[in-house]
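Chemist: Have a look at this one.
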Amino acid sequence: MRRSLYASTALHAVALVWVAFGDAVLRDSPEPEFEVTGVTLLSTAEFEALTTAVEPTPVAVQTSPAPAPRPAPTPEPDPEPAPPPEPEPEPAPQPEPMPPGEVTDTIAPPAPLSGAPDLPPDTTPTPRAADRIAPVPTPAPEEDVAVAPEATPETADPQPAETPVEQEEVAAPEEATTEIVTEAETPSGGPLGPIASIRPPTRPARPEPVETAAPAPQPDPAPAPEPEPEPAPEPDPLAAAIASAVADAVTDPAPPAQPSGPPLTSAAREGFRVAVSACWNVGSLSNEAQRTTVVVGFDMSREGRPVDGTLRLVSYEGGSQSAAQQAFEAARRAILRCGANGYGLPAESYDHWRQVELVFNPEGMRLR
Amino acid sequence: MLTRRSLIRSTAALTLASSLPLVPARAQTGPLRLEITEGVIEPLPFAVPRFIARNGGAADAAADITRVIAADLRGTGLFRQIPESAHISSVTAFDAPVQYNDWQAINAQALIVGEVEESGGRLIVRFRLFDVFSQQPLGEGLQFVGPREGWRRMAHNVADQVYERITGEGGYFDTRVVFIHEEGPKNARLKRLAIMDYDGANVQFLTDSRSLVLAPRFSPTGDRIIYTSYESGQPRVYLMDVATVTRRPLEAISAGDMSFSPRFTPDGGSVVFSMAQGGNTDIFRVSVGGGARTQLTSAPSIETAPSFSPDGSQMVFESDRTGGQQIYVMPAGGGEPQRISRGTGRYGTPVWSPRGDYIAFTKQEAGRFHIGVMRTNGSEERLLTASFLDEGPTWAPNGRVLMFTRETAGADGAPAVYSVDISGRNLQRVATPGMASDPSWSPRLT
């Protein structure tokens, strides 16, 4: 009994020692070290973007490069001695003004955002349609397929016909190529995408006033059977007058440009006027522009917003054309800035404010 | 019967016309037309992201130029800069499309985008100005080329362009101011002729402090200065070439005579000035190249401070011929002066606006001094300032801003140069290295 206890204890001790130190002592080779490499997680969209061809972005569109600077003929500046700090008498330094910078050239405006009207012609070369290359070699076809520009479907299960039909060979367009031809080596084909955004359709012209068609002559009713002759009643003058007036009113054609819906109330007009006034800043205008009254016309959307591109200088008075232009720009800023969220005009009266002309008269604002 | 019937018919028609909803109102047939007569006067918000440096050598210049442009525009009081920390968009390329919505969101109404490039020791500055809410550029993009040390002037030129395109008036940033630099206690002042950029930068001294100097004035071309100096022991008018800092007396005067208060004629070929002879002071004119002087006024009173209208046809000056100091206008070649100042108090130092529409003046009334403007016929007098001592206005080349001297009261009172818009707004002190007085604004340098 005791012997087995000793044997068990010894075996356990040996096992423990083996577990603790056996791996270190008996290992014949160190474990290979891991190499840590950073990876980047890509979303599906990013992966697709990486695997698709790079397309030119509208931002890269440049109408024309800025002109290269040309050497300016400005004379070199004279040295400017430092001014003496002491008030003691001393020779005056050279007061040569700093050499002026000269205006050399104008710079073409930047390309507008995609979708804006009046995009300049796209000068970006259009990528050539790339040939597709199969990722793995295509297994050899079972039979030779003739290369033809147009695919010819294989005839289905040719049945013996009464008249023998000449069997057409199966053909398909070339799917793969054996080499990559860069766009620099081949003339570019057509553009992959639109060169410029499609200009939005112009505002539909107002419908021409439609002449109210004269009421079609009513066909004469079938002759009724002759009534029994009886004394004709005396026509009621009031009824006749009403009938005549109704007929006149109904047959009176509506004026061509007659707006529909209720007219704007005085409160709505005043609210509109005050809203524009709140954004009309004349503080930065020249004195002449502050003496110039401009009339600005524009169209309004149904949401009560000024329609871009419709603002125009209708007329002006009191100043030069240059001053009128400055005054117009200030008025345009006011209309657009305060109308960005709509002027809150009643929709049912849209026909009354579909077109607007605002008279900006700064008479009372001058040098206030 | 017919009469009764027609009466009934008319009555019925009128009743129907007023009651039938079938007939729409005909009150408005054209566009809705409203008149806006009330607006606001506030600085126009603008954004000027830091100009892009095209290369490493232009980084500092790009930052400095952006800063000066913004300071120029802010200083007018007509513009308010939206700080860069509020910008949503960042401009990363000069030719990049403008994200108008981002700039509208921060209420920037004007956007200035630019870049700076250094090439062969020269700077190329390009800029564009955009009307944010109209989503279109204001004018064409421009580029300026100049030596690196001229970066401030290029910045001023950009600011001038922006100012001109928005306000419709010429800018005044690329200008200089000649003034009297003063040092020392009030009872022993040393005065020197000095010149600086309009914003107080690049101060340079033209004379030493051995002689008292007064009232410098720029020539219409900005290359010469005329001033009064006690260099010879008596007040005498001197002419100085700005480029070479060489000076000479305008003309020989007799011992005991005094010449002072000079000013160039609009063509720059002649100078008008006051001369005190035998206890009487009158206005004379002499060619810059020499020759006999022409006496323009002849009165037993003191006539001084002449200034010509821009077209050279008229001259305004001050005179005490009626007892008090008043402002008169007369034909440039001589003639009967017409008094145009009609208010109470004393009027002096009249200066005709470069635009010809106003005359600026100093007014003293009830123990206070004012700088004011009036129409050339004396109407629409408007006082712009009021202080212990304001005097000596000078016009910015665009005729919209005035500089003048303001001196504080007391034994420690000191003069300084201030500017104010002719609307009376934006009164501010001009940065000078010390005490300064008698400013004279140059024309635009470019």
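Bear in mind these aren't lab numbers, they're just calculated from the coordinates by the rules spelled out. Only a predicted model underlies this, so the values are computations on that prediction, with no experimental measurement involved. All Cβ positions, glycine included, derive from the backbone under ideal geometry; neighbour counts span all protein chains shown.
Chemist: Helix B:151-167: angle to the longest alpha-carbon principal axis of chain B, degrees 0 to 90, nearest 10?
Modeler: Roughly 40 degrees between the two axes.
Chemist: How high is the relative contact order of the range B:176-441, given as a whole-number percent (alpha carbon pairs under 8 Å, six or more residues apart)? Don't skip to the end; give the middle numbers.
Modeler: Values: 738 pairs, mean separation 35.2, N = 266.
Reported relative contact order: 13 percent.
Chemist: Additional query: Rounded to whole Å, give me the distance from the Cα center of the range B:194-252 to that of the range A:266-286.
Modeler: 50
Chemist: Turning to a different aspect of this structure: Using a 7 Å offset from the Cα along the Cα-to-Cβ direction at both B:E380 and B:A431, what is the distance between the two label points in nm, to one decimal?
Modeler: It works out to 3.4 nm between the two label points.
Chemist: Under 15 Å from the Cβ of B:A414, count the other residues' Cβ atoms, weight Lys and Arg +1, Asp and Glu -1, and hand me the total.
Modeler: Local charge sum for B:A414: -2.
Chemist: Near A:L358, within a Cβ-to-Cβ distance under 12 Å, what is the net charge of the other residues, with Lys and Arg +1 and Asp and Glu -1?
Modeler: Overall, the nearby charge balance is +3.
Chemist: At 222 nm, what value in deg cm²/dmol follows for chain B if DSSP H runs of at least 4 each add -39500 (n - 2.57) and the sum is divided by all its residues, to the nearest 500?
Modeler: Estimated from H runs of four or more residues: -4000 deg cm²/dmol.
Chemist: Taking 56 Å as R0, compute the FRET efficiency from the Cβ-Cβ separation of A:S315 and B:A255 and round it to 0.05.
Modeler: According to the calculation, E is roughly 0.25.
Chemist: For peptide B:201-208, what's the mean number of Cβ atoms from other chains within 10 Å of each residue's Cβ?
Modeler: Across the residues of B:201-208, the mean count of other-chain Cβ atoms within 10 Å is 5.
Chemist: Mind giving me the FRET efficiency for B:T322 and B:A188? R0 is 30 Å, r the Cβ-Cβ distance, nearest 0.05 is fine.
Modeler: 0.20
Chemist: Distance in nm between label sites at B:R80 and B:N107, each 7 Å beyond Cα in the beta-carbon direction?
Modeler: Roughly 0.6 nm, to one decimal.
Chemist: Among residues other than B:R368 whose Cβ falls under 14 Å from its Cβ, what is the net charge (Lys/Arg +1, Asp/Glu -1)? Mind showing how you got there, number by number?
Modeler: Values: positive: B:R346, B:K363, B:R406; negative: B:E365, B:D390, B:E391, B:E407.
After counting each charged neighbour, the total is -1.
Chemist: For the Cα atoms of chain B, what angle does the longest principal axis make with the long axis of helix B:2-19, in degrees from 0 to 90, nearest 10?
Modeler: 60
Chemist: While we're here: Measuring from centroid to centroid over Cα atoms, what is the spacing of the range B:39-88 and the range A:334-350 in Å?
Modeler: Centre-to-centre (Cα) distance: 32 Å.
Chemist: Between B:D357 and A:S266, how high is the FRET efficiency from 1/(1 + (r/R0)^6) when r is the Cβ-Cβ distance and R₀ = 35 Å? Nearest 0.05.
Modeler: 0.30
Chemist: Order of A:T265, B:T66 from fewest to most other C-beta atoms within 10 Å?
Modeler: Ranking A:T265, B:T66 by Cβ neighbours within 10 Å, fewest first, gives A:T265, B:T66.
Chemist: Averaged over peptide B:88-96, how many Cβ atoms belonging to another chain are found within 10 Å of each residue's Cβ? The partial results should precede the final answer.
Modeler: Values: counts 0, 0, 0, 0, 1, 4, 3, 13, 6.
That works out to 3 on average.
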